[in-house]
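Here's the structure we're looking at; comments come further down.
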Amino acid sequence: MSDKKSKPSVSPSLESSTLEPPNKAVALKYELDSAPKVVAKGDGEIADKIIEIAEEQGIVLYQDSELVKLLSKIEIDTEIPSNLYQAVAVVLSFVFQLNGKDKEITEKSKQNSQP
């Protein structure tokens with residue numbers, strides 16, 4: 001049997017669709033008294049729905065595929081691990097600045113740290 005006959009035939013559209021990774025999304029919730037939590041995550045249509053709901057609710061979207069890969073390994077309703085604090089802090093800072101809440105958060109944090 002020749003090599004040509006033993007190779008499977010793949011249509012260009014199938015090949016290109018298998019090379020493209022599915023959409024992924026992770027939603028985080030942050031409250032001042034605890035670490036951020038993963039509150040939703042998913043691939044494909046679920047990711048699209050998470051993004052759609054966020055947009056409808058006026059929630060800021062931040063795109064970082066490497067961070068999403070790491071966060072998607074965390075169970076829903078679980079705080080992020082300490083090794084991701086710095087990366088998530090960058091995201092939260094971005095969101096707070098866009099929402100004009102960076103000063104408000106700083107003030108609340110100062111009030112909570114006073115005896």
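Rule-based calculations on the coordinates, nothing more; no lab input. Just so it is clear, the structure is predicted and the values come from calculations on it, not from any experiment. Counting neighbours? That spans all protein chains shown, and the Cβs are built from the backbone with ideal geometry, glycine included.
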Exercise. Modelled label-to-label distance, residue 60 and residue 39, 7 Å Cα→beta-carbon offset: nm?
Worked result: 1.6 nm
Problem set entry | Peptides 40-52, 81-93, 57-69 ordered by average Cβ neighbours within 10 Å, highest first | 40-52, 81-93, 57-69
Seminar exercise, completed: Quick calc: nm separation of the 7 Å Cα→Cβ label points for residue 94 and residue 82 -> 2.6 nm
